[in-house]
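Just below is one structure, and these are the notes that go with it.
Please treat every number below as a calculation from the coordinates, not as lab data. Since we're looking at a predicted model, the values are computed, not measured. Here the Cβ positions follow ideal geometry from the backbone for every residue, glycine too, while neighbour counts run over all protein chains shown.
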Amino acid sequence: MIDLTLLSLFIPTFLLVSATPGMCMTLAMTLGMTIGIRKTLWMMWGELAGVALVSILSVAGVASIMLNYPDVFSFLKYVGGAYLGYLGIQLWQSKGKMSVSAEDPPPAEISRHGLALQGFITAIANPKGWAFMMSLLPPFINTQLPLVPQLSILVGIILLSEFCFMTIYATGGKSLRRLLQHGNQLKRLNQISGSLMIAVGLWLALG
């Protein structure tokens, strides 16, 4: 069903990849600071759906076609980056649905679908993510064994790893929120969150 030797090499490789700070991990930490872990889960589901799609299409060879049409990525990158930048500016000004106020949780209701879409676009709008998956996954697939079972296991490991590390990053963000709230520095918390959100937006749009 799967080559255990290749699997034993793939697991530590992707754990290291997931642990490395990236756009999605930074976004998870930022949302953990501002809206808490429970609501951040909606962004995570969207991100995981995007990662699964990128992984499957990369192995299927569609990634090579997608990378030849940069206009598609440019549109998603600029729209997604501009939206994240807009949210970051609002956070800096302590405005908007994601800003932290003296009330906990924030009074404004945050769209679950919006958070999921935010995670999904962040995952699929990065050409480097496609190129990375296209170069990472194929070497760990044994061509002499059925493709579907192997790909299912590898994608499952990828999603589990991504989910675990996003949860860790979001938990770290929530801990930082508690630390700053204890010192009554909510404005600084909003500024830190806003700076990170703007950084992710620029990373997505210009990366």
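With the simple model of a label 7 Å out from the Cα in the direction of the Cβ, LEU145 to ALA52 spans 2.1 nm. Sorting the segments 15-24, 28-37, 194-203 by their residues' average number of neighbouring beta-carbon atoms within 10 angstrom, most packed first, yields 28-37, 194-203, 15-24.
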